[in-house]
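Structure, as C-alpha coordinates:
The values are calculated or read from the model by the stated rules, or taken from the named source; none is laboratory data. A quick note: this is a predicted structure, and the numbers were derived from the prediction, not measured. So basically every Cβ, Gly included, is an ideal-geometry build from the backbone, and we count neighbours across all protein chains shown. Remember, those area values only see protein heavy atoms, side chains included, never the ligands or the DNA or RNA. Shrake-Rupley method; radii C 1.70, N 1.55, O 1.52, S 1.80 Å.
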Amino acid sequence: MPSKSQFRLLGQRRFLPFYLTQFSGAFNDNLFKNALLLLITYSTGSLMGLSVNVVVNLAAFLFILPFFLFSGIAGEMADRYEKSRIIRNVKLAEIVIMAVAALGLWFGWYELLLVLLFLMGTQSTFFGPVKYAILPQVLADDELVGGNGLVGMGTFVAILLGTIAAGLLMGFETAARLTAIAVVVMSVLGYLAARQVPETEPDGSGVTVRFRPVVETWRLMALAAERRQVLLAVLTISWFWFLGAAYLTQFPNFARTNLLGDETVVTLLLSMFTIGISIGAMMCERLTKHRITLAPVPWGALGLSLFGVDLYFAVPDDPVASTWLTLLTDPVYLRVLMDLVGIGICGGLFIVPLYAFIQHETPRAKRARIIAALNVINALFMVVSALAGILVLGALEVSIPGFFLLLSLLNGVVLLVVWRLQRKTAWSSVDK
(Lines give C-alpha, C1' and ligand atoms only; values in the text may rest on other atoms or scores of the structure.)
Protein backbone atom coordinates (compact mmCIF):
# COMPACT_ATOMS: atom_id res chain seq x y z
CA MET A 1 0.00 0.00 0.00
CA PRO A 2 1.38 3.45 -0.87
CA SER A 3 2.85 5.43 2.02
CA LYS A 4 3.75 8.62 0.22
CA SER A 5 1.87 11.80 1.06
CA GLN A 6 -0.54 13.50 -1.34
CA PHE A 7 1.63 16.63 -1.09
CA ARG A 8 4.24 14.98 -3.31
CA LEU A 9 1.87 15.67 -6.21
CA LEU A 10 2.62 19.37 -5.81
CA GLY A 11 6.15 18.64 -7.01
CA GLN A 12 5.09 16.87 -10.20
CA ARG A 13 4.30 18.44 -13.55
CA ARG A 14 1.30 16.20 -14.17
CA PHE A 15 -0.47 17.92 -11.24
CA LEU A 16 1.18 21.18 -10.12
CA PRO A 17 0.46 23.37 -13.21
CA PHE A 18 -3.19 22.29 -13.15
CA TYR A 19 -3.37 22.96 -9.41
CA LEU A 20 -1.92 26.47 -9.82
CA THR A 21 -4.28 27.14 -12.73
CA GLN A 22 -7.42 26.27 -10.79
CA PHE A 23 -6.13 28.06 -7.66
CA SER A 24 -5.47 31.30 -9.56
CA GLY A 25 -8.88 31.13 -11.23
CA ALA A 26 -10.78 30.69 -7.96
CA PHE A 27 -8.73 33.49 -6.36
CA ASN A 28 -9.33 35.87 -9.27
CA ASP A 29 -13.07 35.17 -9.47
CA ASN A 30 -13.55 36.00 -5.80
CA LEU A 31 -11.21 38.97 -5.85
CA PHE A 32 -13.15 40.53 -8.72
CA LYS A 33 -16.66 39.66 -7.45
CA ASN A 34 -16.07 40.88 -3.91
CA ALA A 35 -14.17 43.98 -4.95
CA LEU A 36 -16.98 44.92 -7.36
CA LEU A 37 -19.67 44.47 -4.70
CA LEU A 38 -17.66 46.45 -2.14
CA LEU A 39 -17.06 49.26 -4.64
CA ILE A 40 -20.77 49.42 -5.48
CA THR A 41 -21.72 49.31 -1.79
CA TYR A 42 -19.33 51.95 -0.51
CA SER A 43 -18.63 54.08 -3.57
CA THR A 44 -21.92 54.38 -5.41
CA GLY A 45 -24.56 53.21 -2.92
CA SER A 46 -26.73 52.12 -5.86
CA LEU A 47 -26.51 51.20 -9.53
CA MET A 48 -28.93 51.84 -12.38
CA GLY A 49 -31.39 53.12 -9.77
CA LEU A 50 -31.32 49.76 -7.96
CA SER A 51 -30.57 49.31 -4.26
CA VAL A 52 -27.40 47.60 -3.11
CA ASN A 53 -29.32 44.49 -1.99
CA VAL A 54 -30.89 44.13 -5.44
CA VAL A 55 -27.52 44.66 -7.15
CA VAL A 56 -25.86 42.02 -4.95
CA ASN A 57 -28.51 39.45 -5.86
CA LEU A 58 -28.38 40.48 -9.53
CA ALA A 59 -24.62 39.95 -9.53
CA ALA A 60 -25.02 36.47 -8.05
CA PHE A 61 -27.68 35.64 -10.65
CA LEU A 62 -25.53 36.83 -13.57
CA PHE A 63 -22.57 34.74 -12.40
CA ILE A 64 -24.58 31.55 -11.93
CA LEU A 65 -26.84 31.81 -15.02
CA PRO A 66 -24.20 30.47 -17.49
CA PHE A 67 -24.08 27.16 -15.59
CA PHE A 68 -27.70 26.53 -16.59
CA LEU A 69 -27.19 27.77 -20.15
CA PHE A 70 -23.85 26.32 -21.21
CA SER A 71 -22.96 23.34 -18.99
CA GLY A 72 -24.20 20.85 -21.57
CA ILE A 73 -21.98 22.32 -24.27
CA ALA A 74 -19.06 22.59 -21.84
CA GLY A 75 -19.35 18.92 -20.88
CA GLU A 76 -19.53 17.78 -24.51
CA MET A 77 -16.44 19.82 -25.42
CA ALA A 78 -14.47 18.49 -22.44
CA ASP A 79 -15.30 14.89 -23.43
CA ARG A 80 -14.68 15.52 -27.12
CA TYR A 81 -11.44 17.53 -27.14
CA GLU A 82 -8.04 17.34 -25.47
CA LYS A 83 -8.38 18.79 -21.97
CA SER A 84 -5.16 20.77 -21.58
CA ARG A 85 -6.04 22.66 -24.76
CA ILE A 86 -9.44 23.56 -23.33
CA ILE A 87 -7.79 24.73 -20.10
CA ARG A 88 -5.40 27.00 -22.01
CA ASN A 89 -8.20 28.46 -24.11
CA VAL A 90 -10.35 29.09 -21.06
CA LYS A 91 -7.49 30.84 -19.27
CA LEU A 92 -6.76 32.89 -22.40
CA ALA A 93 -10.40 33.98 -22.40
CA GLU A 94 -9.97 34.96 -18.75
CA ILE A 95 -7.16 37.36 -19.70
CA VAL A 96 -9.43 39.05 -22.26
CA ILE A 97 -12.33 39.27 -19.81
CA MET A 98 -10.14 40.65 -17.03
CA ALA A 99 -8.52 43.16 -19.38
CA VAL A 100 -11.95 44.57 -20.18
CA ALA A 101 -12.84 44.37 -16.48
CA ALA A 102 -9.71 46.38 -15.68
CA LEU A 103 -10.95 49.15 -17.98
CA GLY A 104 -14.32 49.08 -16.25
CA LEU A 105 -12.72 49.27 -12.83
CA TRP A 106 -10.31 52.01 -13.90
CA PHE A 107 -13.04 54.26 -15.27
CA GLY A 108 -15.89 53.23 -12.96
CA TRP A 109 -18.08 51.57 -15.63
CA TYR A 110 -19.96 49.42 -13.13
CA GLU A 111 -22.77 48.46 -15.52
CA LEU A 112 -20.14 46.91 -17.82
CA LEU A 113 -18.64 45.06 -14.87
CA LEU A 114 -21.98 43.39 -14.13
CA VAL A 115 -22.08 42.13 -17.72
CA LEU A 116 -18.55 40.81 -17.27
CA LEU A 117 -19.74 38.78 -14.28
CA PHE A 118 -21.86 36.82 -16.77
CA LEU A 119 -18.79 36.25 -18.95
CA MET A 120 -16.78 35.16 -15.89
CA GLY A 121 -19.52 32.70 -15.04
CA THR A 122 -19.38 31.42 -18.63
CA GLN A 123 -15.62 30.94 -18.38
CA SER A 124 -16.06 29.06 -15.07
CA THR A 125 -18.76 26.92 -16.68
CA PHE A 126 -16.35 25.70 -19.36
CA PHE A 127 -13.52 25.16 -16.86
CA GLY A 128 -15.62 23.19 -14.36
CA PRO A 129 -16.02 19.88 -16.27
CA VAL A 130 -12.33 19.82 -17.22
CA LYS A 131 -11.27 20.61 -13.65
CA TYR A 132 -12.46 17.31 -12.22
CA ALA A 133 -12.53 15.15 -15.37
CA ILE A 134 -8.79 15.56 -15.96
CA LEU A 135 -7.78 14.19 -12.56
CA PRO A 136 -8.49 10.49 -13.24
CA GLN A 137 -6.39 10.77 -16.41
CA VAL A 138 -3.30 12.18 -14.67
CA LEU A 139 -3.60 10.41 -11.30
CA ALA A 140 -3.59 6.74 -10.40
CA ASP A 141 -6.55 5.30 -8.50
CA ASP A 142 -4.58 5.35 -5.24
CA GLU A 143 -3.84 9.06 -5.77
CA LEU A 144 -7.35 10.15 -6.66
CA VAL A 145 -8.65 10.87 -3.14
CA GLY A 146 -5.46 12.76 -2.25
CA GLY A 147 -5.57 14.76 -5.48
CA ASN A 148 -9.19 15.71 -4.90
CA GLY A 149 -8.30 16.67 -1.35
CA LEU A 150 -5.63 19.06 -2.60
CA VAL A 151 -7.98 20.55 -5.19
CA GLY A 152 -10.73 20.98 -2.59
CA MET A 153 -8.34 22.60 -0.13
CA GLY A 154 -6.88 24.85 -2.82
CA THR A 155 -10.29 25.98 -4.04
CA PHE A 156 -11.56 27.01 -0.61
CA VAL A 157 -8.28 28.66 0.39
CA ALA A 158 -8.28 30.59 -2.90
CA ILE A 159 -11.87 31.72 -2.23
CA LEU A 160 -10.85 32.90 1.25
CA LEU A 161 -7.71 34.70 0.07
CA GLY A 162 -9.53 36.34 -2.83
CA THR A 163 -12.23 37.59 -0.47
CA ILE A 164 -9.68 38.93 2.03
CA ALA A 165 -7.61 40.53 -0.73
CA ALA A 166 -10.69 42.39 -2.01
CA GLY A 167 -11.33 43.75 1.47
CA LEU A 168 -7.72 44.82 1.93
CA LEU A 169 -7.64 46.62 -1.42
CA MET A 170 -10.71 48.62 -0.41
CA GLY A 171 -8.56 50.29 2.26
CA PHE A 172 -6.65 52.22 -0.42
CA GLU A 173 -7.85 55.41 -2.11
CA THR A 174 -7.06 53.91 -5.50
CA ALA A 175 -8.80 50.62 -4.69
CA ALA A 176 -10.50 50.27 -8.08
CA ARG A 177 -7.30 50.78 -10.06
CA LEU A 178 -5.28 48.46 -7.81
CA THR A 179 -7.97 45.82 -8.29
CA ALA A 180 -7.80 46.37 -12.06
CA ILE A 181 -4.07 45.66 -12.06
CA ALA A 182 -4.42 42.67 -9.71
CA VAL A 183 -7.07 40.81 -11.75
CA VAL A 184 -5.09 41.17 -14.98
CA VAL A 185 -1.85 40.02 -13.33
CA MET A 186 -3.57 36.98 -11.79
CA SER A 187 -5.21 36.01 -15.08
CA VAL A 188 -1.83 36.16 -16.85
CA LEU A 189 -0.20 34.05 -14.14
CA GLY A 190 -3.04 31.54 -14.46
CA TYR A 191 -2.51 31.31 -18.22
CA LEU A 192 1.24 30.80 -17.80
CA ALA A 193 0.53 27.93 -15.40
CA ALA A 194 -2.04 26.48 -17.85
CA ARG A 195 0.58 26.39 -20.61
CA GLN A 196 2.52 23.85 -18.53
CA VAL A 197 -0.39 21.42 -18.11
CA PRO A 198 0.59 18.20 -19.96
CA GLU A 199 -1.57 16.97 -22.81
CA THR A 200 -4.05 14.17 -22.16
CA GLU A 201 -5.70 11.72 -24.49
CA PRO A 202 -9.19 12.82 -25.68
CA ASP A 203 -11.89 10.55 -24.26
CA GLY A 204 -14.89 10.71 -26.56
CA SER A 205 -14.12 10.98 -30.25
CA GLY A 206 -17.74 10.04 -30.97
CA VAL A 207 -19.19 12.89 -28.91
CA THR A 208 -21.01 15.53 -30.94
CA VAL A 209 -20.85 19.10 -29.65
CA ARG A 210 -24.19 20.81 -30.21
CA PHE A 211 -24.41 24.52 -29.55
CA ARG A 212 -27.88 24.41 -28.06
CA PRO A 213 -27.94 26.23 -24.70
CA VAL A 214 -30.37 24.81 -22.14
CA VAL A 215 -31.29 21.83 -24.39
CA GLU A 216 -27.87 20.23 -23.98
CA THR A 217 -27.88 21.09 -20.28
CA TRP A 218 -31.20 19.28 -19.93
CA ARG A 219 -29.70 16.24 -21.69
CA LEU A 220 -27.05 16.13 -18.97
CA MET A 221 -29.68 15.28 -16.39
CA ALA A 222 -30.60 12.09 -18.23
CA LEU A 223 -26.92 11.20 -18.53
CA ALA A 224 -26.36 11.73 -14.80
CA ALA A 225 -29.32 9.48 -14.00
CA GLU A 226 -27.98 6.47 -15.92
CA ARG A 227 -26.38 5.04 -12.78
CA ARG A 228 -28.38 5.44 -9.58
CA GLN A 229 -25.38 5.33 -7.26
CA VAL A 230 -23.55 8.03 -9.21
CA LEU A 231 -26.71 10.17 -9.25
CA LEU A 232 -27.06 9.81 -5.47
CA ALA A 233 -23.42 10.88 -5.06
CA VAL A 234 -24.07 13.89 -7.31
CA LEU A 235 -27.14 14.92 -5.30
CA THR A 236 -25.24 14.45 -2.05
CA ILE A 237 -22.43 16.75 -3.18
CA SER A 238 -25.01 19.32 -4.24
CA TRP A 239 -26.55 19.13 -0.78
CA PHE A 240 -23.16 20.08 0.65
CA TRP A 241 -23.09 23.15 -1.60
CA PHE A 242 -26.63 23.98 -0.45
CA LEU A 243 -25.46 23.75 3.14
CA GLY A 244 -22.18 25.61 2.55
CA ALA A 245 -23.90 28.41 0.62
CA ALA A 246 -26.40 28.83 3.45
CA TYR A 247 -23.64 29.22 6.05
CA LEU A 248 -21.47 31.52 3.95
CA THR A 249 -24.39 33.75 2.95
CA GLN A 250 -25.46 34.26 6.56
CA PHE A 251 -21.99 34.85 8.07
CA PRO A 252 -22.03 38.68 7.70
CA ASN A 253 -25.46 39.11 9.31
CA PHE A 254 -24.77 36.35 11.85
CA ALA A 255 -21.60 38.14 12.95
CA ARG A 256 -23.33 41.52 13.16
CA THR A 257 -26.61 40.45 14.76
CA ASN A 258 -25.85 37.40 16.90
CA LEU A 259 -22.23 38.09 17.86
CA LEU A 260 -22.31 41.92 17.74
CA GLY A 261 -19.09 41.65 15.78
CA ASP A 262 -17.30 44.06 13.46
CA GLU A 263 -16.03 43.25 9.96
CA THR A 264 -13.02 41.37 11.34
CA VAL A 265 -15.40 38.83 12.90
CA VAL A 266 -16.89 38.03 9.49
CA THR A 267 -13.41 37.37 8.11
CA LEU A 268 -12.56 35.17 11.10
CA LEU A 269 -15.74 33.10 10.71
CA LEU A 270 -15.00 32.57 7.02
CA SER A 271 -11.38 31.71 7.83
CA MET A 272 -12.31 29.11 10.46
CA PHE A 273 -14.82 27.50 8.12
CA THR A 274 -12.26 27.38 5.31
CA ILE A 275 -9.48 26.06 7.55
CA GLY A 276 -11.82 23.32 8.72
CA ILE A 277 -12.70 22.23 5.17
CA SER A 278 -9.02 22.23 4.23
CA ILE A 279 -8.14 20.03 7.21
CA GLY A 280 -10.98 17.63 6.44
CA ALA A 281 -10.00 17.43 2.78
CA MET A 282 -6.39 16.65 3.71
CA MET A 283 -7.46 13.96 6.19
CA CYS A 284 -9.33 11.96 3.55
CA GLU A 285 -6.30 10.32 1.96
CA ARG A 286 -5.02 8.95 5.27
CA LEU A 287 -8.48 7.86 6.45
CA THR A 288 -9.22 6.05 3.19
CA LYS A 289 -5.71 4.55 3.05
CA HIS A 290 -5.42 5.62 -0.59
CA ARG A 291 -8.55 3.70 -1.54
CA ILE A 292 -11.60 5.00 -3.38
CA THR A 293 -14.22 4.46 -0.70
CA LEU A 294 -17.14 6.37 0.77
CA ALA A 295 -16.34 5.21 4.31
CA PRO A 296 -15.61 8.75 5.68
CA VAL A 297 -18.78 10.27 4.18
CA PRO A 298 -21.36 9.10 6.79
CA TRP A 299 -19.03 10.26 9.57
CA GLY A 300 -18.72 13.62 7.86
CA ALA A 301 -22.51 13.84 7.56
CA LEU A 302 -22.93 12.94 11.24
CA GLY A 303 -20.43 15.61 12.24
CA LEU A 304 -22.20 18.23 10.10
CA SER A 305 -25.38 17.62 12.07
CA LEU A 306 -23.78 17.38 15.54
CA PHE A 307 -21.59 20.47 15.20
CA GLY A 308 -24.49 22.36 13.60
CA VAL A 309 -26.77 21.57 16.53
CA ASP A 310 -24.05 22.57 19.00
CA LEU A 311 -23.56 25.85 17.13
CA TYR A 312 -27.20 26.70 17.85
CA PHE A 313 -26.64 26.25 21.59
CA ALA A 314 -23.22 27.93 21.51
CA VAL A 315 -24.53 31.31 20.30
CA PRO A 316 -24.75 33.61 23.37
CA ASP A 317 -28.19 34.87 24.40
CA ASP A 318 -26.78 38.25 25.42
CA PRO A 319 -23.80 38.93 23.16
CA VAL A 320 -21.34 41.74 23.79
CA ALA A 321 -19.61 43.84 21.16
CA SER A 322 -16.84 41.65 19.72
CA THR A 323 -13.81 41.71 17.49
CA TRP A 324 -11.73 38.85 16.09
CA LEU A 325 -9.66 38.90 19.29
CA THR A 326 -12.79 38.51 21.43
CA LEU A 327 -13.76 35.36 19.57
CA LEU A 328 -10.29 33.88 20.06
CA THR A 329 -10.07 34.63 23.79
CA ASP A 330 -13.61 34.44 25.19
CA PRO A 331 -14.62 30.79 25.86
CA VAL A 332 -18.23 31.49 24.85
CA TYR A 333 -17.24 32.79 21.45
CA LEU A 334 -14.41 30.28 21.10
CA ARG A 335 -17.01 27.51 21.19
CA VAL A 336 -18.71 29.11 18.18
CA LEU A 337 -15.39 29.09 16.30
CA MET A 338 -14.68 25.48 17.21
CA ASP A 339 -18.11 24.46 15.94
CA LEU A 340 -17.42 26.19 12.62
CA VAL A 341 -14.04 24.46 12.35
CA GLY A 342 -15.77 21.16 13.13
CA ILE A 343 -18.42 21.79 10.49
CA GLY A 344 -15.67 22.58 7.98
CA ILE A 345 -13.65 19.44 8.82
CA CYS A 346 -16.72 17.25 8.47
CA GLY A 347 -17.56 19.01 5.21
CA GLY A 348 -14.15 18.07 3.84
CA LEU A 349 -14.60 14.44 4.93
CA PHE A 350 -18.04 14.52 3.34
CA ILE A 351 -17.27 15.93 -0.10
CA VAL A 352 -13.80 14.73 -1.18
CA PRO A 353 -14.52 10.95 -1.24
CA LEU A 354 -17.74 11.65 -3.16
CA TYR A 355 -15.86 13.52 -5.91
CA ALA A 356 -13.31 10.69 -6.18
CA PHE A 357 -16.12 8.11 -6.29
CA ILE A 358 -17.91 9.90 -9.15
CA GLN A 359 -14.67 10.24 -11.13
CA HIS A 360 -13.84 6.56 -10.65
CA GLU A 361 -17.30 5.14 -11.31
CA THR A 362 -18.13 7.25 -14.36
CA PRO A 363 -17.25 5.94 -17.87
CA ARG A 364 -14.25 7.82 -19.19
CA ALA A 365 -16.00 8.95 -22.37
CA LYS A 366 -18.86 10.50 -20.35
CA ARG A 367 -16.95 11.76 -17.31
CA ALA A 368 -16.80 15.46 -18.18
CA ARG A 369 -20.51 15.56 -19.00
CA ILE A 370 -21.33 13.93 -15.65
CA ILE A 371 -19.20 16.59 -13.93
CA ALA A 372 -21.02 19.25 -15.96
CA ALA A 373 -24.33 17.82 -14.75
CA LEU A 374 -22.99 17.98 -11.21
CA ASN A 375 -22.13 21.65 -11.71
CA VAL A 376 -25.66 22.39 -12.92
CA ILE A 377 -27.24 20.66 -9.94
CA ASN A 378 -24.79 22.41 -7.59
CA ALA A 379 -25.84 25.75 -9.05
CA LEU A 380 -29.52 24.83 -8.70
CA PHE A 381 -29.07 23.81 -5.07
CA MET A 382 -27.27 27.08 -4.28
CA VAL A 383 -30.12 29.06 -5.81
CA VAL A 384 -32.61 27.05 -3.75
CA SER A 385 -30.41 27.66 -0.69
CA ALA A 386 -30.70 31.41 -1.20
CA LEU A 387 -34.49 31.14 -1.63
CA ALA A 388 -34.72 28.96 1.48
CA GLY A 389 -32.82 31.59 3.45
CA ILE A 390 -35.21 34.30 2.25
CA LEU A 391 -38.24 32.17 3.17
CA VAL A 392 -37.07 30.92 6.56
CA LEU A 393 -35.36 34.08 7.77
CA GLY A 394 -37.72 36.55 6.14
CA ALA A 395 -41.22 35.17 5.78
CA LEU A 396 -41.07 32.76 8.75
CA GLU A 397 -38.91 35.13 10.85
CA VAL A 398 -36.64 32.36 12.13
CA SER A 399 -33.36 33.53 13.69
CA ILE A 400 -30.07 32.77 11.93
CA PRO A 401 -29.01 30.26 14.65
CA GLY A 402 -32.47 28.69 14.27
CA PHE A 403 -31.89 28.43 10.51
CA PHE A 404 -28.55 26.70 11.15
CA LEU A 405 -30.31 24.28 13.52
CA LEU A 406 -32.97 23.50 10.92
CA LEU A 407 -30.27 22.77 8.31
CA SER A 408 -28.48 20.46 10.76
CA LEU A 409 -31.65 18.49 11.43
CA LEU A 410 -32.41 18.21 7.70
CA ASN A 411 -28.88 16.92 7.23
CA GLY A 412 -29.93 13.93 9.35
CA VAL A 413 -31.96 12.72 6.37
CA VAL A 414 -28.87 13.04 4.16
CA LEU A 415 -26.94 11.03 6.75
CA LEU A 416 -29.30 8.09 6.21
CA VAL A 417 -28.91 8.39 2.43
CA VAL A 418 -25.11 8.43 2.46
CA TRP A 419 -24.96 5.61 5.00
CA ARG A 420 -26.98 3.42 2.66
CA LEU A 421 -24.96 4.58 -0.34
CA GLN A 422 -21.71 3.77 1.45
CA ARG A 423 -22.90 0.25 2.30
CA LYS A 424 -24.01 -0.43 -1.29
CA THR A 425 -20.77 0.83 -2.81
CA ALA A 426 -18.34 -0.82 -0.39
CA TRP A 427 -17.40 -3.19 -3.20
CA SER A 428 -16.04 -0.32 -5.24
CA SER A 429 -13.16 0.34 -2.85
CA VAL A 430 -9.90 -0.37 -4.65
CA ASP A 431 -6.89 -1.12 -2.52
CA LYS A 432 -3.78 -0.40 -4.50
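A few notes on this one:
- Trypsin sites (Lys or Arg not before Pro) within the range 165-258, DSSP loop, no more than 12 other Cβ atoms inside 10 Å: R210
- Normalised by 2.2 N^0.38 Å, with N the number of residues, the alpha-carbon radius of gyration of the range 245-303 equals 1.47.
- Along its principal axes, the chain has C-alpha extents of 58, 49, 41 angstrom, given from the largest down.
- Here the range 229-334 is treated with +1 on each Lys and Arg Cβ and -1 on each Asp and Glu Cβ, and its dipole about the Cα centre works out to around 600 debye.
- Lysine pairs in the chain with Cα atoms under 14 Å, if 8 or more residues apart or on separate chains: 7
- Under 5 Å from the amide H of S322 lie the amide H atoms of G261, D262, each residue being 5 or more positions distant or on a separate chain, with H modelled from the backbone and absent for Pro and chain starts.
- Share of carbon and sulfur in the accessible heavy-atom surface of the range 310-387 [1.4 Å probe, %]: 68 percent
- Averaging the Cα positions of each part gives two centres, and for the range 11-39 and the range 147-170 these lie 7 Å apart.
- Size of the range 108-160 as Cα extents on the principal axes (Å, biggest first): 49, 23, 9
- Prolate/oblate/rounded call for the range 166-266, Cα gyration tensor, a/c under 1.5 rounded: oblate
- Scattering from the range 50-113 was approximated by placing one identical point on each alpha carbon and applying the Debye formula without solvent; log10 I(q)/I(0) at 0.24, 0.25 1/Å stands at -1.08, -1.10.
- In whole angstrom, the range 160-205 maps to an equivalent ellipsoid with semi-axes of 34, 11, 8, each derived as √(5λ) from the alpha carbon gyration tensor and ordered largest first.
- Shape of the range 294-409, Cα gyration tensor, a/c cut at 1.5: prolate
- At least 24 Å along the helix axis (C-alpha) and Kyte average at least 0.5, DSSP helices within the chain: 16-39, 52-80, 83-107, 110-133, 141-169, 175-194, 228-257, 263-288, 296-314, 331-361, 367-389, 400-424
- MRE, 222 nm, helices only [DSSP H, n ≥ 4, -39500 (n - 2.57), over the chain, to nearest 500]: -26000 deg cm²/dmol
- Whole-number accessible area per residue in Å² for the chain, which is evaluated in the context of all protein chains at 1.4 Å: 42 Å²
- Based on Cα contacts under 8 Å between residues 6+ apart, the chain shows a relative contact order of 26 percent.
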